[in-house]
Structure formats: C-alpha cells, structure tokens
Amino acid sequence: MVRPGPGCAVWEITLKCNLNCMHCGSAAGKARSDELTTDEALQLCDDLKGIGCQGVAMMGGEPLLRKDWPSIAERVREVGMDLSIITNGYKITESKFQRIFDVNPELVTVSIDGGHAAIHDTIRGVPGSFKQVVATLRRLVKSGLPTGVITTVHKMNLGELPTIRKFLLGTGVAWQIQMATPYGRLTYDHVLSKEEYYSLALFIAATRKRYSKKELMIAGAHDMGYFSRVLPPLQVYPWQGCQAGISTLGIESNGNILGCLALPPEYVEGNIRERPLKEIWNDDAFSSYTRRVRRTDLGSECASCTYSKICKGGCSAVSHSMAGGLHRDPYCLRLIEEGLKKSNS
Amino acid sequence: MSLMDMIPVGIELLRLSGRDGVYAILSRVFKAQPTPLAYRRRIRPLGASVGLSEAEVDEVISGSSNVTVLPSWLKWGLVAFIVVVLILSAIAVTGSYVPWYTNPTYVPGTDYASIRPKDFL
Ligand code: SF4
Ligand code: SF4
C-alpha cells in the first residue's frame, strides 16, 4: 500500500556536536563512524521527495558541523521540500551565516535553555555558549530570516522561563517550549515532576493569554498537554495523537529509519543502505504502534478517557520512558488535573 | 461510552477540521468545568514557581471554565436550545465514529521539529 508521505522528516545529518548538553537525547558529541556519505545523503533527499515528504528539519548533533550541509540543504530545496535548520547557534562564522542566507530555509531555530549565561552554559556544557547563541539569534533576526527558539525544560531551568521570555519579547521569533525526556544524557532525576510539568503548562497558557502574537509567539511542542479540563490549548495545531511514522519520520546520520527521532534505538525499523526508503515507509508493519492503535493497546487510564480515539495515549517517547510502555503517557494535563483534584479533596 | 461523552470529542473534531471559531464557542460552553476556590488555591503555587501571580493563574484557569457564563443567544428560548441540541447530537454521532485507524493529512514543515512565525498567522 502506498501511503501519503510525512509532512516533515526530522533528519540528524551528523551526530557530531561542539557542545555537551546535559539533556541531549542522542548523547551527541562524536560523529558516528558510519554516517551517510554526501552521495548517499543527496540520494536520500530524492528518496524523501519520492515518498511524498513535504519538508525536512535538518538537525544533529550540530548540523552545521557537517561539511557538506549546504549541498544537502540545497538538494532539499531543489527537489521542492521545505527546509528548516535546528542549530545550537555556537560559533557560527560569518561565512556560515552567508551559506544559511543563500539556502534561504523556511526556518532557522536556535536553542536557548537559560535566561542567564551561568544556567545556559552549565546545561550546554560549554562556557561562553550563551553569549554565542545570543549573538547568533540577533544576527538571524536582523537578517529577516524566519527564526525560532526552542527551550527544552527540565528541573534546572524551569525557573528561567520568565527571564527567557523577557529576552524574547518583541523579537519576532517563534518560541517553542518542550519537556526534556530521559534519553541520551538526561537522567531521570532531572526530568520535571508532573506538578512541575503543570507549572510549565500554566506558564505557556498564561503567556499566550498575556501577550499578543505581535509581542511574543509562544507555543508548547506538538506533544504537550492534550485535553486539559481547565487550560486552553498550548499548541498552535490541535493534538491528534503521536505522529511517529504517520506525519513525521526520523532519520539517523547512518541511515537508520524510525518513526520519530525522539524514540530510543529499539524503535529503529530499517536502514536505507539495506532497504529503499520507499519500501520501509510503505511497509504495513512500519510504525504499527501508531498507525494501528487498538483500545486494548492503551493503558487503563487512557482506555477509559473520552479523548482516547483522538489522542491514543499521548507521546510515544514520553510514554515509553516515563511509563515503561506505549499509549499511557503520564504527562497528560487531564490526568494530572485529576490527581491534583484528588489531592485537594 | 455514552453519546453525551462524545460531545467533547465531536467538538475537538471541529478544531481538527479548522473550524476554530465554532470550536472556541462550543468548548467554552460545553467543555467547561467550574474551578472551585480550593482547586485554584492548589494550582496557584504551581504558577508561582514559574513567576506567575495569583491573578494570572486565576485568569488562565478560568478563561474557559465557567459554565454559568453562557452566551446570551443560548438563553433566548427553547427553540434555539433545541436547535443547539440537534446540532450537538450530530456532532456527537460524528465523534462516536472516529475510527481507530486514522491517517491524518499533514501540514508541511510544521510541528514535528519546531514551529515557525508563519504557523502563528
Ligand atoms: S488520558 Fe490518555 S488518552 Fe486521554 S488525553 Fe490523557 S494521554 Fe490522551
Ligand atoms: S514520539 Fe512524541 S515527539 Fe515523536 S512524533 Fe510521537 S508525539 Fe511527537
């Protein structure tokens, strides 16, 4: 069966990175020994287009450390896909900026994890990285290129959000806030508790209410919240269940394919060196954990939830790491609210 | 699951299909939950930990939460009420038919990695 292609493929073009972030889900640092060659990467662009993919989010590691990133980016554009680049914003030289401007992506996103240098640098593992990312952000904004900021939240930087907000007000960037999950380098003790997660949701909702889009465009990541009884939606687009293998696709730098890059290695379902992408994507068995969910797959609380048919039990990556199985995401505002109500009565 | 339970699902489907205005009105009226003072007191410290004042927390959790604040048109009489009930029944029936094997269509470039300023327009 031929399926519609993913709206967005998230492609780690290299695992090489010049920072050492404590929350890095892929524990990036050194390049993989078997990363795709330039020819393979260019062919993959064509193959992505071939399955009907509409956009590529180029990330890493730090994608701009891969020498041939401009060729890959250009090919993505040539075949007619949208391109976004997610960079740590560290040590971007003027010539790199020029290459970015030449490629003219739909979006460049940088990561800011603290409102103060001390916190950002500690989280990112390299002194001076805050100063650098601020300079990068200013340069991007000045260029007029659509720019985004991602803040990945865990125990160490939850309290930083008001300061980051102050910094981003009026800059015209789109600010995405997401929760760090315990993969790669992040340990469980740094993951937000459910109550802290609720604080995060309150922050996003209150900020969306307080500021106009002109002042600040802010949203939770696509997998945040679900169907709260009290809070307004946190995202730009409505949640419709985990999209791994449905409208997104994850690609590792060695050609491994999985439904979503946020998932751990056991979810790798093929490699483009061994099997054409088209075959992997159109295989009925690919990503069956999201493509064919039955009520019996859901955890008990999700199975009895009114919204289960739309939600199907939340984010697979969060559910796997925090509940030990799929379709039972405990970081659901609806469930947390029930807990808060009980603890209140 | 009862037909009544399916009303919120039907309302969410309106949002999924891009009918944001209708979604906003219906969710305000029918998905709303009162937020008692005791519950607000429980939530306020959670907001304080991210720099939100009590008033900000109250405002955000009461924005869509008071079933007593019905739009005046809804109070205009039995006929209007019946029409609304009929519409909701239709929505609920739709909600009850949401298939498990969905294959949504996709918005290019949005969501699954990061959002763009354009996504907010
Ligand atoms: S209870 Fe489960 S199915 Fe319902 S909204 Fe929460 S995560 Fe989704
Ligand atoms: S695993 Fe989580 S991050 Fe990945 S597509 Fe599913 S909901 Fe999104």
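Brief remarks follow.
- Cysteines in the protein assembly as shown that, by Cβ-Cβ distance, have no pairing candidate under 4.7 Å: A:C8, A:C17, A:C45, A:C53, A:C242, A:C260, A:C302, A:C305, A:C311, A:C315, A:C332
- Among A:G225, A:G170, A:G250, the largest mean-square fluctuation in a Gaussian network model of chain A, built with springs joining Cα atoms closer than 10 Å, belongs to A:G170.
- Alpha carbon Rg of the protein assembly as shown, scaled by the compact-globule rule 2.2 N^0.38 Å: 0.98
- Solvent-accessible area, 1.4 Å probe, carbon plus sulfur percent, for the protein assembly as shown: 56 percent
- Remark: segment A:175-181, residue by residue, has Karplus-estimated 3J(HN,Hα) of 9, 9, 10, 9, 8, 6, 10 Hz, where x stands for each Gly or Pro and the curve is 6.51 cos²θ - 1.76 cosθ + 1.60 at θ = phi - 60°.
- Here's how it looks for A:I85: its modeled amide H is under 5 Å from those of A:M58, A:L107, A:V108, A:T109, which are all 5 or more places away or on a different chain.
- Simple label model, 7 Å out from Cα along Cβ direction - A:R295 to A:N104, nm: 5.3 nm
- Simple spin-label estimate for A:K142 and A:Y211 gives 2.2 nm between the two label positions (7 Å along the Cα-to-Cβ direction from each Cα).
- When each of the peptides A:91-97, A:317-323, A:131-137, A:162-168 is scored by how many other beta carbons lie within 10 Å of its residues on average, the order from highest to lowest is A:317-323, A:131-137, A:162-168, A:91-97.
- Average Cα contact separation per residue, segment A:230-345, under 8 Å, 6 or more apart, as relative contact order %: 21 percent
- Gained length - A:D283 relative to A:A117, 0.36 nm times residue gap less alpha-carbon distance: 55.1 nm
- For A:L298, no residue whose modelled amide H falls within less than 5 Å of its own remains once neighbours fewer than 5 places apart on the same chain are excluded.
- Choice from A:A118, A:A73, A:A174 with maximal GNM fluctuation in chain A (Cα, 10 Å cutoff): A:A118
- Between A:V153 and A:Q178, A:M179, A:A180, the built amide H atoms are under 5 Å apart, and every one of these is 5 or more places off in sequence or on another chain.
- Peptide A:140-152, shielding by other chains (average Cβ, 10 Å cutoff): 1
- Hull-based mean projected area of segment A:178-315, where the convex hull spans the alpha carbons, in square nanometres: 10.5 nm²
- Dipole magnitude of segment A:8-153, debye to nearest 20 (Cβ charges: Lys/Arg +1, Asp/Glu -1, about Cα centre): 640 debye
- Across A:R275, A:R291, A:R208, mean-square fluctuation computed from a Gaussian network of chain A (C-alpha pairs under 10 Å connected) peaks at A:R275.
- Length gained on full extension, A:D39 to A:K96: 18.4 nm, using 0.36 nm per residue less the C-alpha separation.
- Averaged over A:231-242, number of beta-carbon atoms from partner chains that fall within 10 Å: 5
- Computed over segment A:20-73, the ratio Rg/Rh where both radii use C-alpha atoms and Rh is Kirkwood: 1.00
- Computed over segment A:150-217, the convex hull of the alpha-carbon atoms projects to a mean area of 4.6 nm².
- Accessible area (Å², per residue) of the protein assembly as shown, counting only protein heavy atoms and a probe of 1.4 Å: 41 Å²
- The HN-Hα couplings worked out from phi for segment A:274-282 by the Karplus form 6.51 cos²θ - 1.76 cosθ + 1.60 (θ = phi - 60°) are 9, 8, x, 3, 4, 5, 4, 4, 8 Hz, whole numbers, x standing for Gly and Pro.
- Quarter of Cα convex hull surface for segment A:97-162, i.e. mean projection, nm²: 4.8 nm²
- Summed over both chains, the accessible area lost when B and A associate is about 5900 Å², using a 1.4 Å probe.
- Three-way shape call for segment A:1-127 based on the alpha-carbon gyration tensor, with the a/c threshold at 1.5: prolate
- Distance between segment A:58-136 and segment A:224-259 - C-alpha centres, whole angstrom: 22 Å
- Relative contact order of chain A, taken over Cα pairs closer than 8 Å and 6 or more residues apart, is 17 percent.
The values are calculated or read from the model by the stated rules, or taken from the named source; none is laboratory data. What you see is a predicted model, and the numbers here were worked out from it, not measured in a lab. As a convention, Cβ positions derive from the backbone with ideal geometry for all residues, glycine included, and neighbour counts pool all protein chains shown. Heavy atoms of the whole protein, side chains included, go into the accessibility calculation; ligands, DNA and RNA do not. Shrake-Rupley method; radii C 1.70, N 1.55, O 1.52, S 1.80 Å.
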